[in-house]
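Okay, structure first, notes after.
FYI, it's all coordinate maths here, none of it is from the lab. Source: prediction; values computed, not measured. Glycine gets a Cβ as well: all are built from the backbone with ideal geometry, and neighbour counts include every protein chain shown.
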Amino acid sequence: MAWESTKNPKIREIIEILSSGPHTPTQLAQMLNSNPVTIARYLKILKEDNLVKIKREQNQLYYSLNLNQWRKHVEATMNLAGENFTNKFKEQLKKFPNKTYRSLQEDKKNDS
């Protein structure tokens with residue numbers, strides 16, 4: 001479940017990196033100074049939760065955030081938490097790279 005996977009600090013670091021764009025597991029391992037097997041395990045968890053997408057280019061797999069699923073995850077959190085939390089959470093979302101935040105907003109408009 002998405003809620004559980006995002007509790008892990010290393011997974012949150014991966015999510016933060018992926019918010020800037022697609023990366024390979026090797027790139028993530030290097031950026032996080034971590035074992036590639038460990039990164040692969042975390043990416044598998046994120047994939048099982050449908051929080052990342054995979055794109056194959058030649059011999060490489062590129063992981064990126066599944067923004068539609070993240071939008072649903074964020075909306076569910078905001079609905080559960082109420083208005084006070086929602087306003088604080090929106091402010092936190094603005095700290096994401098502009099492209100990601102903008103994409104979340106555009107996805108929401110497209111669904112309307």
**Shape metrics for region 2-65, restricted to C-alpha atoms - Rg then Dmax, Å** = 10.6, 33
**Inter-probe distance in nm under a simple model that places probes 7 Å from Cα toward Cβ, at K44 and N59** = 2.2 nm
**Prompt:** What are the residues whose amide H is under 5 Å from the amide H of K53, where those residues sit 5 or more places off or on another chain and H is modelled from the backbone?
**Reply:** S64, L65, N66
**Fill in**
Candidate cut points under trypsin sites (Lys or Arg not before Pro) in region 1-77, DSSP loop plus at most 14 other Cβ atoms within 10 Å of their own Cβ, are K7
